[in-house]
Structures are given as structure tokens and as C-alpha cells.
Number of protein chains: 2
Amino acid sequence: MRVSAPLAERIEFDLDTLAGIVDTDRSGWTRTALSQVDNDGRYEVLRMMRGAGLVADIDGAGNVIGRLPGRRSGRSLMIGSHVDTVDGGGRFDGNIGVVGAIEMVRSFREADVQLDHELVVVAFFSEEPNRFGLSCIGSRAMTGRLRPADLDRTDGHGLRFGDALPTAGIDPSRILSCAMDLSTVDAFVELHIEQGPYLESHGSQIGLVETITGISRFRALFGGRRDHAGTTGMDVRRDAGCAAAGTVLAVERIASQSLHGKGTTGSLTFTPEAVNVVTERAEMVGEFRGPESGWLRHACETLTEAAHLEGSARNVTVDVEWLPQQEPVPMNERLLDVCAAAVDELGFRRSTLFSGAEHDAAIMAQVVPTAMLFVPSVAGRSHCPEELTELNDITAGTTALAHTIFRIDRFDRPA
Amino acid sequence: MRVSAPLAERIEFDLDTLAGIVDTDRSGWTRTALSQVDNDGRYEVLRMMRGAGLVADIDGAGNVIGRLPGRRSGRSLMIGSHVDTVDGGGRFDGNIGVVGAIEMVRSFREADVQLDHELVVVAFFSEEPNRFGLSCIGSRAMTGRLRPADLDRTDGHGLRFGDALPTAGIDPSRILSCAMDLSTVDAFVELHIEQGPYLESHGSQIGLVETITGISRFRALFGGRRDHAGTTGMDVRRDAGCAAAGTVLAVERIASQSLHGKGTTGSLTFTPEAVNVVTERAEMVGEFRGPESGWLRHACETLTEAAHLEGSARNVTVDVEWLPQQEPVPMNERLLDVCAAAVDELGFRRSTLFSGAEHDAAIMAQVVPTAMLFVPSVAGRSHCPEELTELNDITAGTTALAHTIFRIDRFDRPA
């Protein structure tokens, strides 16, 4: 049974349309939140939703929300993703989940498939870490998880996040109070590219996400002494740069010793930047990710110890500041079974995996039964201009999404 | 016999005067070459020279030169140093060699000491590495060692060095042709702070420099792959930042294994700077210094090998570009003997050491018999606001300089 036949041509056309709305001064496909092109992109999504027959608008948190009434009022199903990108990112991350959801609605209408549930399609605002260091703004606001302190975060120019929101058409005095009543939502399903190589290397068309990774991020400051590079002996210098370099390698080493853990140093700066002066201060920003909360805690403790060892070996002060740990988030098991049944019915090859990337689904899962469907990323590349998911895989993902939603609506409403 | 009695009060007054001519927007005492305060500082030196009875002017390379005629024409002795500073530097580096030389002239005149030689006092232009990456501009121009290619070096804003020279009152069309005839100069002696801890730790008042360090500087570029930090396995990522961090530690390790060698990473930058993206490119700038040419070459080869090992372990490309090696420069042995005799006659405690810093004396030594006298740096600190040399040590150094010059003039004219 094919309940719906999404058209690859329409998916391609919509993705191309969004790929044309980017900051041409930046590499790749750049449509970062709180930019004019992101405003333009979200208005384009609004037009696409209305064109597909949805009753659509933008809420107080910048989320684009389209609704298709159900045959029986009172219960809803939600699908969607985001269309903002990282700086220098690709055309598929997030975008396919929004374009696929809208195409699913078109195909339902063409096949005269009518759901009992109201269908809610969402393009969440600012999913990627923005220049204020905040991510998943739209889903946090929708679930009531955005905090007043978040509005006080500043960017590199000292601008408050709250004061930047009006450039995105968002009233900062309203964003904290625009949480939706989600008690009537029986499921949220997000279609997304994998952003890693697992599905491709296992020959799978669809990935069912069991867990979304936990993340622990830190900022480490190393304080040494500014000295003449030619006259200060190696045994007496206090080189903050060397202590930081040792800590960069510790991040790599700790993660490499685990099975699923990842460890990354995102940035490292030396002060002063002079070839003939010993580095006085170094600042690094990094993170660990993994599906196991216990390992994450272990990695953080081990790294803090390693940084202090690197510092004490050089008489350099060390201050490691950890942000609150984002715990790993399991997806709804009952919903995963429904996804598996839908995918198997379609004859698609599937794998079960965990997501190493953060997603709005991890926020939504705290309030609504949630699942994620992944489609393969060529060579596992993402957050770069080379990011690619083949059109037939996106179409297969959209078909799987449609069959999953149809099953939930008809047979498998999760508790 | 005291041929001259320099006055500590006048030295202190002149150093304080120069310490007042600094860029107050920068930390420490900042008077970098090619800034208005450096122009002001060199004009202040011109006034000091004329006040001391020297016939003084500024040459085509920005050097401030004052002359005191000798009793017999034809032969000259030269003394001096520089008054430009590093960004955020101290009040003594270079300055004491200029102020001490001028005070020596005053004390000679007061004691009615007349030399057979003409005495030439110099404040060299732009000794410290300037924002074009060039150092010892004045001494290079004076010795005919400034090259046309040097004028084409650009700063961080793309400005040519040649095009920046007029802001320092220097005509770029003349600077390459203003070499002096130095064949009549029997000796150049530079008084300078040690900038390291050797004299203080050995209880010495005066240091005789045997050799000025050699320097090898490099720029290393690491090319990895931009990937999603959450989804790209540790075993497949190509992290340019980790390869660079390993190379920073290699610089430290190679230098630490030698007796006198120094190794420093001056700057390190990661691109992009995003916590959730694997570093695609890293650029580092560093150097080795040492008094032995053979060790320097060994250090460079070992570091290049280590960088390539760090790269190949992570499938990261590595390009290490070495600037031409500045060879270690020995001071004139006969002149050192004269310095030693003068210091011993004064009853000052002395050490023989090498200079880990570069100096105009290393340029002058290629043309003129050259020596350097060091005075202690408190705690070995230099190129920082905490840089300090006690006034009595500066006065002792000035006295040693005067006695050395007197001896050369009367008894020990080097061949």
C-alpha cells in the first residue's frame, strides 16, 4: 500500500529555491539565524506551506507553523525541522525535514488521504548554535524551555540576544510566553539527514534514531607569563599556549579511547600573537558528545584533570568552565516500532543508530512522544559546502515519514 | 682611574622622559616603529644629543646620529642602541643604550676627556620586529643590508612597508642607498639590558656577550577537513587543529632537550572557529633560537619531521615554510678582551654569556668590530611591562661603556 507518492521534482525545486536564499558573501550555503536571509528563508517556507494548502503563520518565537485540520478535532501530529544553517554549511541539513513535510502534505491531498489528527508542520527558529552560543531557540520557546537568562547572552560585539531578536521580527517581551499547549500532540516526527557515514557504510536507506547525543561544552582559560622568547629558558617559562596545546590533544585522546564518544576543540587563541614573545594567555572552546551520560561525565572529569596537569607542568593557571550538560535524549520506543513497521512495509533497508548531532527533536522529546528518521549523507559530510543527500534518498525519507504518520493516525497512536 | 662619572639622576631623567612618550592606548610602554610616538621619541633623542653637545641629525633610514669630533681626524668609534619598543613592552630595552651613550658623552665633556677618535652615537630605527615582520631596519640600511624585496613586505592590512615609510619621515626611494662608509669605524659597542636571568642569578653586574643568537622562524599551515563535530568519528576525522597542537608541543620538546636552545610558538589560529565543526585549517608561527648554527639546523629538521608526523597521523596536509636562518653572530674577540679589562679595572663582577635576543649589534658585527655589554634584568623579565633594570646597574653599565671606549681610543684599537 502506498498512501502517498511524494514527487522528487517538487522536493528538488523547493530545496533549490531555499538554496538560492543565502548570504552570498559567505562560503557554502549560509543562512544563519538572525540574518536577513534567514528572515527571507522563513517567509519562503510560509509561502510554500500556504501553497500546499496549510493554514500557516509565524509564531512569537519565529517558528513557521502550518496546520491541516483533521477529521476528528482535538488531537494533533507534528512534523518538521529547521531551515537555518551554520556559517558555510550545506543545503540539506534541516531543510529536507521542512521541504519533505510540506511535500508530504501535498501528496496526502493529491491522494485524498485525510487524517483523523490535525497535522502541524513546523520550521523551527534558530536550531543551529547562533552567534550568541544558543541553539534550538524555536523548540525551546515552544516547549517553555527558553529561560530569561538566555535573552541576556551577548555576541562578540556585546549585543544582547534579546535586543537582537527584533531583527528577526520577534518581540523579546513575548518570546518567553509563547509556549504552545502540546498536551494534544500525540507525536512529533523529524526527518533529517544523518550528517555522518553510518547509513551509507551500512547500505541503509533509512535510519531510526534511538538516542540523541548528550553534549558537554567547556571554555578553558590558561594564564601564563609574557616573556622574551629569546632569553627566557625553557625550564622557567610559563607558556600558556603549550598548556592549551596539550589540552587540545587530551580532548582528542579521551574521545578516541571511547567507542561512540566525540571530542572536539572548536577554537583556540593565543595572546599576544607575537613570534618573539612567550604566550601569556590561551583560550580554548571545546566539547564532548556521546549517547551515554556516564561516559560524558567521565570525559569531562578526565579532561579537567588533564588540563590541570598540562598547566601545573608549566606553572600555568587553568580554569575550565563547563556549561550545563545536555543529557542524551532517548526517542519514544513505541513510536520507533511504528517507524520500523512503516519502513519495513515499504521495503526500505533500515538501521538503528544514535544521533551525534543535536536536534529540535531532543527538545520536543521532553514533552511529546518523539522519533527521528535519518536519510544518508554522502561520505558522511555535513556542516560544509560538500554536504549532499541524494534526491532519491530524500524522496524515500519523505515516503517513510508519510507512512509513519499515516500509521500513527490510523493504527498506532502512542500513549 | 675613573675617566668619567655618569650621573644616575640624568640617566633616570632621560629614561623617564622617553617613558612619557608612549601610546597610552596600549599596555606597558609602547612606542613601536612607524607610529607617531616613535617619531616623537626619536626627535626627543635628537634634542638630548644636541643638548649633550653632539652634532646630531636623522639620516635617510630614520637613524638618529650624533657626532663628537675627535682630536685626530679619520677614525671613528660608534656606540648606541634603539628606542623603539615591542607592543606592550618595557622602558629599558634599547633605551638604556641610547640614554647611556648620551650620558657618557656628557660625562666625558665634564671630565674634559677628549678622544682621538670621532665618537658617533646612534639610535637605530625600528630594531624590534615591526608589523611588517622586519627588524633592525636602521642598522640594515646603514650597513647596506636592506634589500629591495624588504620594501614590498606587507602588513596585516596589505600596506607595503615602502609605502608606510613616509609616516616615519623616511623617503622609500632613498633608504636603500643611505649606507654609511663604515671602513673608518674601529669599533661598535652596544650597551643593553640582558632581557634574561643569567646575570642576576650569577650575581654579575656586567655581561660580556660572546655570541648573538641565531634565529630560525617558520610558518606552518595544516590542511584538514571541515566536518560535523557530533557525527564524524574520531578515527575518520582530519582535524588540522590537533595536528597543529601536536606541533606546538614538538617545538617545546625539541628546545627543552637542548642546553641553550629556545623554541616558541608565537601564534596559532584555527579556522573555522565553531565549537561544533572539526577544524579545517590551522596556521602557526614559531621560531627556534640558539648560539649554535648546527643545533638550529637540527631543530628545524626535527620540527619539520614532527609536523609531518602529526599531519600524517590525522590525514592532514602540512606545509612548513622556513624563513632564511639568521646565523649566530660572534662578537669581536679582541674587543671582548678590551671590555673585560675595562670592567675588571672598575672592579665590577662580570660574566660571559650569549645573547638570546637579536640586536643591531648582530648586523653591525658583519661590517665593524663589535661588542655588547649587558646589564642585569630583574627576574629576567623583558618585552613586558614588568621589565626592570635597576638604576645603579644602568649607571655601572654606562661607566663600563665609557671605560671601554676610552681604552679602545687610547690603547687597544682593534685591527
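Per-structure values
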read-out	value
Residues satisfying the stated conditions in region B:234-250, i.e. of a type in the set (Val, Ile, Thr), within 30 Å of A:His228 (Cα to Cα) and within 8 Å of chain A (Cβ to nearest Cβ)	B:Val248
B:Leu68 being of a type outside the set (Ser, Thr, Tyr) and closer than 19 Å to B:Gln114 by Cα	yes
Any hit, region B:21-36, residues being crowded, with 21+ Cβ neighbours inside 10 Å and assigned to a helix (DSSP H, G or I)	no
Output for region A:90-107, where each listed residue is outside any helix (DSSP H, G or I) and in contact with a helix residue (DSSP H, G or I) (Cβ under 6 Å, 6 or more places away or on another chain)	A:Arg91
Qualifying helices (runs of 4 or more DSSP H) (wholly inside region A:112-164; at least 1 residues being out of contact with any His (no Cβ under 8 Å at 6 or more places or on another chain) and of a type in the set (Lys, Arg))	A:137-142
Among the candidates B:Ala341, B:Ala306, B:Ala357, residue that is closer than 30 Å to A:Ala274 by Cα, modelled with pLDDT of 95 or more and of a type in the set (A, V, I, L, M, F, W, C)	B:Ala306
Selected residue (criterion: surrounded by the fewest Cβ atoms within 10 Å (Cβ to Cβ)) from residues of region A:323-345 that are without any contact (Cβ under 8 Å) to a residue 60 or more places away in the chain and part of a helix (DSSP H, G or I)	A:Glu333
Yes/no for B:Val86 being within 14 Å of another protein chain (Cβ to nearest Cβ) and either buried (at least 21 other Cβ atoms within 10 Å of the Cβ) or over 30 Å from B:Trp322 (Cβ atoms) (or both)	yes
Criterion: within 14 Å of chain B (Cβ to nearest Cβ) and either farther than 21 Å from A:Asn332 by Cβ or surrounded by fewer than 19 Cβ atoms within 10 Å (Cβ to Cβ) (or both) - qualifying residue of A:Ala168, A:Ala220, A:Ala179	A:Ala220
Selection from region A:355-366 of residues that are aliphatic (A, V, I, L, M) and part of a loop (DSSP other than H, G, I, E, B)	A:Ala357, A:Ala365
Only one of B:Gly266, B:Gly241, B:Gly294, B:Gly311 that is touching a helix residue (DSSP H, G or I) at 6+ places or on another chain (Cβ under 6 Å) and either more than 30 Å from B:Leu208 (Cβ to Cβ) or not assigned by TED's automatic domain parsing to the domain that holds B:Ala187 (or both)	B:Gly311
So A:Glu200, is it under 30 Å from A:Arg349 (Cβ atoms), crowded, with 24+ Cβ neighbours inside 10 Å, acidic (Asp, Glu) and more than 10 Å from chain B (Cβ to nearest Cβ)	no
Unique residue being facing another protein chain (nearest Cβ under 7 Å), modelled with pLDDT of 95 or more, on the phi < 0 side of the Ramachandran plot and not in a helix (DSSP H, G or I) when the list is B:Thr231, B:Thr265	B:Thr265
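For every residue, the table says whether it meets (1) among the aliphatic types (A, V, I, L, M); (2) outside any loop (DSSP other than H, G, I, E, B); (3) free of Cβ contacts under 8 Å to residues at least 12 places away in the same chain; (4) in contact with a helix residue (DSSP H, G or I) (Cβ under 6 Å, 6 or more places away or on another chain).
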site: A:Leu353; (1), (2), (3), (4): yes, yes, no, yes
site: A:Val368; (1), (2), (3), (4): yes, no, no, no
site: A:Met372; (1), (2), (3), (4): yes, yes, no, yes
site: A:Ser382; (1), (2), (3), (4): no, no, no, no
site: A:Glu386; (1), (2), (3), (4): no, no, no, no
site: A:Ile394; (1), (2), (3), (4): yes, yes, no, yes
site: A:Thr404; (1), (2), (3), (4): no, yes, no, yes
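The values are calculated or read from the model by the stated rules, or taken from the named source; none is laboratory data. Keep in mind the model is a prediction, meaning the values are calculated, not measured. Note that we place each Cβ from the backbone using ideal geometry, even for glycine, and neighbour counts take in every protein chain shown.
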